[in-house]
Amino acid sequence: MTTDEIQDSKLAVYAQSGFPGVLGFVDGTHVRICGPRKEVQHLYLNRKGYYSLNVMIFSDYKQNIGFVDARYTGSNHDSHIWNVSTLKQHLDQNLPTNTWILGDTGYPLGRIIMTSFRNTVDG
């Protein structure tokens with residue numbers, strides 16, 4: 001994204017949500033696949049109980065998809081896929097200060113990614 005596109009995204013998200021500095025959004029989705037070979041089935045079995053690929057997708061405020069990583073089996077957690085992704089590497093090196101992407105609690109809180117608050121208090 002150009003500097004102007006980054007600024008446009010940040011302003012659009014702020015105008016819509018009141019959340020400043022947001023470039024876009026990241027999430028993982030499980031894409032169901034046919035049962036793999038028996039010797040590797042455990043790698044593809046996700047926490048929901050079916051065989052899948054865990055696909056990470058990044059989109060901007062217009063819901064334009066800017067990045068897809070479909071290399072990982074269903075047993076991989078979103079945080080692992082994020083931590084080894086070329087997207088994270090690229091954003092770490094190129095994202096301006098005070099600019100973030102938003103992810104759910106499956107992602108680790110970090111310098112360039114904000115996640116929702118996890119309530120760990122019973123009640």
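The values are calculated or read from the model by the stated rules, or taken from the named source; none is laboratory data. Since this is a predicted model, take the numbers as computed values, not measurements. Ideal geometry is used to build each Cβ from the backbone, glycine not excepted, and the neighbour counts take in all protein chains shown. Quick note on the areas: whole protein, heavy atoms, side chains included, nothing else; ligands and nucleic acids left out. Shrake-Rupley method; radii C 1.70, N 1.55, O 1.52, S 1.80 Å.
For this structure, a couple of remarks:
- The long axis of helix 3-17 is offset from the longest Cα principal axis of the chain by roughly 80 degrees.
- By accessible area with a 1.4 Å probe, ligands and nucleic acids excluded, highest first: order of 114, 1: 1, 114
- Calculated from backbone phi, Karplus (6.51, -1.76, 1.60) coupling profile of the stretch 35-50 in Hz, x at Gly/Pro: x, x, 3, 3, 5, 10, 4, 4, 6, 9, 6, 8, 5, 8, x, 9
- Ranking 95, 16, 42 by how far each Cα lies toward the positive end of the dipole of the stretch 11-103 (charges on Cβ) leaves 42 at the top.
- Gain in span if fully extended, residue 77 to residue 89, counting 0.36 nm per residue against the direct Cα distance: 2.5 nm
- Percent RCO, i.e. relative contact order, over the stretch 38-107, from Cα pairs under 8 Å lying at least 6 residues apart: 26 percent
- Distance between the pseudo-spin-label points of residue 67 and residue 38 (7 Å out from Cα toward the beta carbon): 4.0 nm.
- When you restrict to C-alpha pairs under 8 Å that are six or more residues apart and normalise by the size of the chain, the relative contact order lands at 22 percent.
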